[in-house]
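Below is one structure, written out as structure tokens, with a few remarks after it.
The values are calculated or read from the model by the stated rules, or taken from the named source; none is laboratory data. Quick caveat, the model's predicted, so the values are computed rather than measured. No Cβ is skipped: glycine too gets one built from the backbone with ideal geometry, and neighbour counts run over all protein chains shown.
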Protein chains: 4
Amino acid sequence: MKYNKKELLNREIKHIDIKKFNSIPLIESFDDMAFQSRNLARACEIFDTMIKEEKCTNILCLAGSLVSAGLKKVIIDLIENNMIDIIVSTGAIVVDQDFFEGLGFNHYRGFINADDSKLQELMIDRIYDTFIDEEDLRVCDMTTKKIADSMPPGAYSSREFIYLMGEFLECNGKNPESFVLSAYKNEVPIFCPAFSDSSAGFGLVFHQTEKKDHISIDSVKDFKELTELKVKSDDTGIIMIGGGVPKNFVQDTVVAADILGVDAPMHKYAIQLTVADERDGALSGSTLKEANSWGKVDSGFEQMVYGEATLTFPLLASYVYHKGNWKNRKAKKLNQFFE
Amino acid sequence: MKYNKKELLNREIKHIDIKKFNSIPLIESFDDMAFQSRNLARACEIFDTMIKEEKCTNILCLAGSLVSAGLKKVIIDLIENNMIDIIVSTGAIVVDQDFFEGLGFNHYRGFINADDSKLQELMIDRIYDTFIDEEDLRVCDMTTKKIADSMPPGAYSSREFIYLMGEFLECNGKNPESFVLSAYKNEVPIFCPAFSDSSAGFGLVFHQTEKKDHISIDSVKDFKELTELKVKSDDTGIIMIGGGVPKNFVQDTVVAADILGVDAPMHKYAIQLTVADERDGALSGSTLKEANSWGKVDSGFEQMVYGEATLTFPLLASYVYHKGNWKNRKAKKLNQFFE
Amino acid sequence: MKYNKKELLNREIKHIDIKKFNSIPLIESFDDMAFQSRNLARACEIFDTMIKEEKCTNILCLAGSLVSAGLKKVIIDLIENNMIDIIVSTGAIVVDQDFFEGLGFNHYRGFINADDSKLQELMIDRIYDTFIDEEDLRVCDMTTKKIADSMPPGAYSSREFIYLMGEFLECNGKNPESFVLSAYKNEVPIFCPAFSDSSAGFGLVFHQTEKKDHISIDSVKDFKELTELKVKSDDTGIIMIGGGVPKNFVQDTVVAADILGVDAPMHKYAIQLTVADERDGALSGSTLKEANSWGKVDSGFEQMVYGEATLTFPLLASYVYHKGNWKNRKAKKLNQFFE
Amino acid sequence: MKYNKKELLNREIKHIDIKKFNSIPLIESFDDMAFQSRNLARACEIFDTMIKEEKCTNILCLAGSLVSAGLKKVIIDLIENNMIDIIVSTGAIVVDQDFFEGLGFNHYRGFINADDSKLQELMIDRIYDTFIDEEDLRVCDMTTKKIADSMPPGAYSSREFIYLMGEFLECNGKNPESFVLSAYKNEVPIFCPAFSDSSAGFGLVFHQTEKKDHISIDSVKDFKELTELKVKSDDTGIIMIGGGVPKNFVQDTVVAADILGVDAPMHKYAIQLTVADERDGALSGSTLKEANSWGKVDSGFEQMVYGEATLTFPLLASYVYHKGNWKNRKAKKLNQFFE
């Protein structure tokens, strides 16, 4: 096979639209079955309960290559229909994937058994079966530098920086379908506890190298702000897609509040869609029952679903969308809390 | 079963000593076999090659509950015998587990099917089959606050903060077996790209809440420092235990150097011990061959080993220890670079 | 929790109906995405191609607890709408689960963290989150004995025995929803290469213990018959749900034909829905690409989908059902070949 | 890369020798750790207890490509040192791999990313990273036909047939290292509940095609014989490498005994080394705790170890070998029971 960049990058990934199919009949059947189908049905019910309960603050945790895989619109629909109030994510999803597409770039259908050395020569990056133009990514890196250059020196939370990324997209974006943009408009705060571990990291390192008076991203400030939101909320529920740092970070806010002397309740609801399992003792696959021993997640309304997110997340989101209980829910606009 | 805190926390986890058993005969047999045994044998050879090649800077990436599981001494022995030069880790391993034990606390043998609600009442935290006294952890949290309180206000890298944790242990530690302490003494830099996502996060949030003039942890500075070390090195090799942020962060330094206009080579060697797989497209399980497309890891000397780290990491480390090639290797003492 | 048999067995598992929801829009979206969603979309296309190609004999392989999990009707619909021509299955699915339900018994919703010793005292068997009344199972065991007792002594293939089970259900069944019954009526042969490893094994051992002149189940005859069907077919395609013996058995027929001196083509199409992976070298998770080296599966139209069958199988079957290409397909009625 | 058969098949797989390394210090360290290392340590203790308890009949279950991966000698050492009394296996391990090597053939080191179509042209079969000469395999197939041709017509258990395979190797074998041969000499019965699903299946189909008066392999007889051994034993313990049919078959003997009106106890000890997990409800990954609900495995001395067998099985076997408790154990020679 001859590798030609243009031919390799000729079919774009498209994002699934949960409004165009109704998963309710499927999920209701799943509820009468067993194994992961029933687990998914229960996760759907829990998420729907969270939406119905007005006092509950809903936190969406994102890890894995979700946007490059076609799940961007799912996240946008959850934001724009007031189903989630806070996002905690890996940096790659927010910057390299979503902001990247907001700048007008695309992800492409690739294939698994590629000759990676040849891809590298062509500056094509591979994620399993997906291709990315590394030259586009470099533009994304530099855009984050430009944003940093425009900011007064000081220590910022990732949330503050991402807010400015949303603002940037509003003025300069080339694709209105971006959850960073939607979150900006809907005042939904986005946190990246490991923000430098992303395309923004490249831009920010460049920024700090060039400028003596520069900005810094203070991960403590992230944790402080998220804990303040937790404290401010009556009840909280978490929807975790994948594990990693976002999962741990959100769970820890309960303990952080406690340490600050505030009596915040455990997360009342918790669901996780994951392929990880508990057997290696790592946090990503640790059960939510285990999190109960830490005083982080309450028992009763927690559910693990073992399955890959491109299969399970659209079904979950379509269910709650078509249930329609979000119609009676007010936007919490939590970014306003920090103004 | 009646839950009594003292009885539940009565048998300490002990750390395996790679010097006390010689895995070379086993690994040499594995090399003639198939599947993961052969993969592990190849990883051993690659690590040993890294140690023999004087110009190669060896970076150890740590993710998962490694120290609570009894792997602390393995890491210490790699540091003290000059087999690794840089550590990139999750915050939990460094603070909640290693520094925690340095303060004199312990992890305990627990069991899987515990009643987590009862554990929570007793302030016992569970990691799969391991128990931790939450009251001890709170002391650890507060100790990081004390360290932060003693520092001049400003933006620090996690490396700088962890260096002070090492200093603290040297003066006030109650257990000399700590890799934070060993790294401090041997000038091995430790980076935690998501530092707040740990026990230190609690202490630091408290610190920032109390003090107007406070410190911050600048994750960009972490990335900048690590990239500088990458640039400064001739060749680099990475030994990854688990995936997560450390894996991504280290790989990204190649690209970061490129963006800064420095022509740093790809990581020449790369091995990963993991239970994750590639099928969900997430970074933790992405193959090192895939990393080659990104221009991060060179092809030729990369090896994935699919197995849980408590089984594979001691065998890997015992092999290189007993091969003895570290005896001719000089300590790089890379922390001195930043002085 | 007090364990009361009646209360524990009070909510039946219900079988999902692929005719009641249309997965085509979902699958078409999946085709533009990545990871397992795209893999599933490709599997759907391949299965649909198999149905469109009149000369292709479609073989369904079944492993795992599929019927107890609510997938019985999916199998029935594939049979009754002429989408599959041969079934190769584990014994448990055919006897303990499908025939069992045909006798009027049910599977029940259970839960994971059950006290298994207490369940055992109550004669309740558990499969992950599903309960079965062991007393019902014993009736099923004895029914197979009754069938065996009625047969002239001799060596039978499992196919022949299962045909009589279908006949038994037609006369004595209490629930017409049984794929053993549907296959009987539609002349679809069912093979269980490890037939004694099932509820029928119990009945047959009892039969052989009681009678000097008894029947035997000749697994060679199974292999011979299945190979004859392979030889007789122009092209073949296999849809594998799970791995295990059925996967291997069907693939081997290509080689068996070759050994008998017949030039049968490799399986032209092959899809597998599974949670297993290739890293332990076991057959269940071996890739279909690997099967190509054995000359068993042709390259070009093979697809692995990594996901649990309760999630993926209904979507696959609903897709081909609603595509409607089975309407032009004639029933092959392959059981008639052996008359 | 040019594919040349001779070059591709130039380095043989060698079998690990548990006598040449002593895993006791490693396993004792593992016992003080966590996760799978501790689980493996507990499995070692349970197996050692089984060996010490004279009245316990030890059943080894084998699934996966164990012999091709270099684990043949482990099995031989367990047999020849009286540590196991019965083997239940997949057909492929017994015929395609062990008997095959007994005939003087070998497995070869291969590699994963092979061009499988080219391998197929060269008649090289691939198992993950291992190569086999398909022409050698055909000789193996035909040898089983020869054995069948020499037998008086009738219905045989797989155990009876495999016994004759051992006899054949004693007279005609070219490599004395074969567990089929060792089991024959030590009167250890070997059962393959799905015997036709192997190289022998090819030979037997050919045999049945050629001869009107032929033999058959009666899987009911297998089950009956194994149940008789279970009934005859005081206590039983099972060591399962992988899952599949052998796991289920052995567990079922408890129920079979019950159905025959004999009050046989549950399996007192049970350990399983596996990579499967419980989340898909399939038998291979079902927990041994779950098996307790079925009345098959007693609670108290059961242990799952999640890890790949090439890593874990040699450590387990070396531990019990060097513990030396087999020295006081008498061979049960259970094949004599059927004479």
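Quick notes on this one:
- The one condition in (1) more than 10 Å from chain B (Cβ to nearest Cβ); (2) farther than 16 Å from A:CYS192 by Cβ that A:GLN208 fails to fulfil: (1)
- Candidates C:GLU278, C:GLU302 - the one that is within 30 Å of D:ARG138 (Cα to Cα), within 20 Å of the chain's Cα centre (by Cα) and among the charged types (D, E, K, R): C:GLU302
- Positions within region D:235-281 being among the hydroxyl-bearing types (Ser, Thr, Tyr) and more than 9 Å from chain C (Cβ to nearest Cβ), in sequence order: D:THR236, D:THR253, D:TYR269
- Every residue from region A:48-88 that is surrounded by fewer than 24 Cβ atoms within 10 Å (Cβ to Cβ), away from chain C (no Cβ under 13 Å), under 27 Å from C:THR312 (Cα atoms) and not aliphatic (A, V, I, L, M): A:ASP48, A:THR49, A:ASP77
- Residue check for D:TYR108: of a type in the set (Phe, Trp, Tyr) and more than 11 Å from chain C (Cβ to nearest Cβ): yes
- Scope region B:312-339; condition of a type in the set (D, E, K, R) and either modelled with pLDDT under 95 or part of a helix (DSSP H, G or I) (or both); matching residues: B:LYS323, B:LYS327, B:GLU339
- Residue among D:VAL262, D:VAL297 that alone is surrounded by fewer than 24 Cβ atoms within 10 Å (Cβ to Cβ), of a type in the set (A, V, I, L, M, F, W, C) and farther than 23 Å from D:TYR184 by Cα: D:VAL262
- Residues of region C:288-339 that are within 30 Å of A:THR310 (Cα to Cα) and of a type in the set (A, V, I, L, M): C:LEU288, C:ALA291, C:VAL297, C:MET304, C:VAL305, C:ALA309, C:LEU311, C:LEU315, C:LEU316, C:ALA317, C:VAL320.
- Check on B:VAL250, crowded, with 24+ Cβ neighbours inside 10 Å and touching a His at 6+ places or on another chain (Cβ under 8 Å): yes
- For the criterion of being more than 7 Å from chain C (Cβ to nearest Cβ), touching a Leu at 6+ places or on another chain (Cβ under 8 Å), surrounded by fewer than 24 Cβ atoms within 10 Å (Cβ to Cβ) and without any contact (Cβ under 8 Å) to a residue 40 or more places away in the chain, D:VAL231 passes.
- Here A:VAL139 does not fit the description of being surrounded by 21 or more Cβ atoms within 10 Å (Cβ to Cβ) and either at the interface with chain B (Cβ under 9 Å from one of its Cβ atoms) or of a type in the set (A, V, I, L, M) (or both).
- Residue check, C:ILE217 among the β-branched types (Val, Ile, Thr), touching a His at 6+ places or on another chain (Cβ under 7 Å) and either at pLDDT below 95 or crowded, with 24+ Cβ neighbours inside 10 Å (or both): no
- If you go through region B:9-49 and keep only what is among the β-branched types (Val, Ile, Thr) and in contact with a strand residue (DSSP E or B) (Cβ under 8 Å, 6 or more places away or on another chain), you end up with B:ILE13, B:ILE46, B:THR49.
- Qualifying residue in region D:86-96 (condition: without any contact (Cβ under 8 Å) to a residue 40 or more places away in the chain, more than 20 Å from the chain's Cα centre (by Cα) and within 29 Å of C:LEU260 (Cα to Cα)): no
- Candidate set from region A:142-179 (those that are more than 11 Å from every other protein chain (Cβ to nearest Cβ) and surrounded by 23 or more Cβ atoms within 10 Å (Cβ to Cβ)); member that is nearest to the chain's Cα centre (by Cα): A:PHE179
- Checking C:LEU283, C:LEU316 one by one, the residue that is in contact with a Leu (Cβ under 8 Å, 6 or more places away or on another chain) and of a type in the set (A, V, I, L, M) is C:LEU316 and no other.
- Residue in region B:30-39 that is touching a Pro at 6+ places or on another chain (Cβ under 6 Å) and either within 21 Å of D:GLU308 (Cβ to Cβ) or away from every other protein chain (no Cβ under 13 Å) (or both) present: no
- Condition met for C:ILE16 (among the β-branched types (Val, Ile, Thr), touching a Ser or Thr at 6+ places or on another chain (Cβ under 8 Å), modelled with pLDDT of 95 or more and not in a helix (DSSP H, G or I)): yes
- Scanning region B:1-24 for residues that are basic (Lys, Arg) and out of contact with any helix residue (DSSP H, G or I) (no Cβ under 8 Å at 6 or more places or on another chain) turns up B:LYS2, B:LYS5, B:LYS6, B:ARG11.
- Which numbered condition C:LEU122 misses (of (1) within 16 Å of the chain's Cα centre (by Cα); (2) surrounded by fewer than 24 Cβ atoms within 10 Å (Cβ to Cβ)): (1)
- Region B:289-311 - residue that is touching a residue at least 40 places away in the same chain (Cβ under 8 Å) and not in a strand (DSSP E or B) and, of those, farthest from A:ASP96 (Cα to Cα): B:THR310
- Scanning region C:292-307 for residues that are small (Gly, Ala, Ser), modelled with pLDDT of 90 or more and closer than 25 Å to C:ASP258 by Cβ returns C:SER293, C:GLY295.
- Qualifying positions in region D:18-29 - at the interface with chain B (Cβ under 7 Å from one of its Cβ atoms) and within 21 Å of D:VAL67 (Cα to Cα): D:LYS20, D:PHE21
- Filter pass, A:LYS2 being over 22 Å from C:SER68 (Cβ atoms), free of Cβ contacts under 8 Å to residues at least 40 places away in the same chain and away from chain C (no Cβ under 14 Å): yes
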